[in-house]
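Engineer: Once you've had a glance at the structure underneath, I'll fire off some questions.
The values are calculated or read from the model by the stated rules, or taken from the named source; none is laboratory data. This is a predicted model, so every value here is computed, not measured. Neighbour counts run over all protein chains shown; Cβ positions are idealised from the backbone, glycine included.
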There are 2 protein chains.
Amino acid sequence: MNKGERTRQKLVDTTAELLQRQGYHATGLAQIVAESGAPRGSLYFHFPGGKDELAVMALDASSRAWRTRIDATVTAAADLGQAVEDVCKLLADDLAASHYQRGCPVAAVALEAAATSPSVRAAVEGHYAEWADAIVARVTTAGLPRDAAKQLATFVLASIEGALLLAKVQRSKQPLLTVGTMLRQMAAMAPRKRSR
Amino acid sequence: MNKGERTRQKLVDTTAELLQRQGYHATGLAQIVAESGAPRGSLYFHFPGGKDELAVMALDASSRAWRTRIDATVTAAADLGQAVEDVCKLLADDLAASHYQRGCPVAAVALEAAATSPSVRAAVEGHYAEWADAIVARVTTAGLPRDAAKQLATFVLASIEGALLLAKVQRSKQPLLTVGTMLRQMAAMAPRKRSR
C-alpha cells in the first residue's frame, strides 16, 4: 500500500467505526479527519462525493469484515443450531470488548434512514439483503424447504439485530446469549425436507 | 389546556416524532421549532435543559403512547401467541401508514448512545426495561415459570425490535408479519407450569 492508499484506508476505517458507534448524523467530517489523522484535504481528494460516498464505502468495508468473521464461525460449527448460537456468542464478545460501543455496523445508520441520502439507504438495504441471503443458503443446506428457510432467515436476522440493540442499551451480553440459546433450540425443531 | 401547555405539548410531540423518524443527532432545535410551529423563545422557557431535557420528555411521551396501544391489543387477544402476533400486525400497520418512517420510538436514539448524554441513555434503558417487564408479567400470567418468562421476554422484545428495523429498511410489513407468525408458533410450544 502506498501513502495515498493508506490514507484512504484510514478514512474508511475511522468512518466505519464512527457510524457503528454513533450513527450517521453524529459523525461529522471534522471528527473523521481528526480521529483518522488524515490530512484534511485528503478527504475530498479520495472521496469527491464527500460524507455520503465515504459512508457508503465504510458500510461496505465493515459489512464485509463482519461477514468474513461470521462465515468462519458458521463454517466451523457442527450444525445449524450450533452455528447460530456461536455467532451470537461471537457478537456478544465483540460488543463487550468494545465496552458496548460497537454493535451492528449498519443498524444505527439504518434507523436514521428518514434523514439520510438515497445512496446510503440503498447501501444499508443491500447489506441486510446479503446477510439474509447468506442465512437462507446455510439453512437450505441444512435441509429446510426454501419457504421455511426464508422465514427462518428473517426471524434469525431480526432477533440477532434486536439482541444487539438490547445488549448495547443494557451494556450486557445477556440478550445476545439468551437469543442464541433460544435460536439453537428452535433450529433443532425446524422442519426438514422429507428424505426419500 | 392553556396556551403555554399547548405549546409545550406541541414541542414534545414534534420532538418525539423526529426522534422516531431520524434519531437524536439529525434532530436539531431549529427543526423542532419550525415543525412544531412554536415560538422560538418558548423552547428554552419550557425546557431550560434544552435538547436533552426535551428528548427525555419526548421519549417518555412516545413510549407511554406506544405502551397504551400495545397493552390494549394484548388485553384483547385470546392467548399469549395471539397477543404477540397481533402486536406485530399493529406495528406493521403503523409503520406502513407512516410510509416506513416511524418505527420503534426509542431505537434510533438507542443506537446513537455512544454520542448522547447520560440522561438520554438512562431514559432509553428505562423504556426497554419497562417493556421487558410488561412482557414478563403477561407471560407469567400465561403460566410460564419466571426464568423461562424472562428468557422469552428478551427473545420477543429482541425479535420485534429487529423486525421493526428490517421492515423500515425494506419498506415492507413482511419482517414483522413473519416474526409475528413464528413467535405465535413458539409461544404455543413454551413450557407451562405443572398443574397440580
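Engineer: Quick one: is B:Glu85 closer than 22 Å to B:Ala58 by Cα and charged (D, E, K, R)?
Structural biologist: No, not satisfied.
Engineer: I'm trying to understand the selection: among the residues of the range B:135-181, which are free of Cβ contacts under 8 Å to residues at least 24 places away in the same chain, aliphatic (A, V, I, L, M) and buried (at least 23 other Cβ atoms within 10 Å of the Cβ)?
Structural biologist: Passing the criteria: B:Ile135, B:Ala158, B:Leu166, B:Val169.
Engineer: Within the range B:8-59, which residues are among the hydroxyl-bearing types (Ser, Thr, Tyr) and modelled with pLDDT of 95 or more?
Structural biologist: B:Thr14, B:Thr15, B:Ser36
Condition check ((1) within 24 Å of A:Ala26 (Cα to Cα); (2) surrounded by fewer than 13 Cβ atoms within 10 Å (Cβ to Cβ); (3) touching a residue at least 12 places away in the same chain (Cβ under 8 Å); (4) within 22 Å of the chain's Cα centre (by Cα)) across all residues:
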position: B:Leu29; (1), (2), (3), (4): yes, no, yes, no
position: B:His46; (1), (2), (3), (4): no, no, yes, no
position: B:Asp60; (1), (2), (3), (4): yes, no, yes, yes
position: B:Ser63; (1), (2), (3), (4): yes, no, yes, yes
position: B:Thr68; (1), (2), (3), (4): no, yes, no, yes
position: B:Ala97; (1), (2), (3), (4): no, yes, no, yes
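Engineer: Further, regarding this structure: Which members of the range A:132-176 meet the condition of being among the polar types (S, T, N, Q), under 21 Å from A:Ala77 (Cα atoms) and more than 10 Å from chain B (Cβ to nearest Cβ)?
Structural biologist: Scanning the range A:132-176 gives A:Thr140, A:Thr141.
Engineer: Still on this model: Are any residues in the range B:100-131 of a type in the set (S, T, N, Q) and either more than 8 Å from chain A (Cβ to nearest Cβ) or surrounded by 17 or more Cβ atoms within 10 Å (Cβ to Cβ) (or both), and if so, which ones?
Structural biologist: Matches in the range B:100-131: B:Thr116, B:Ser117, B:Ser119.
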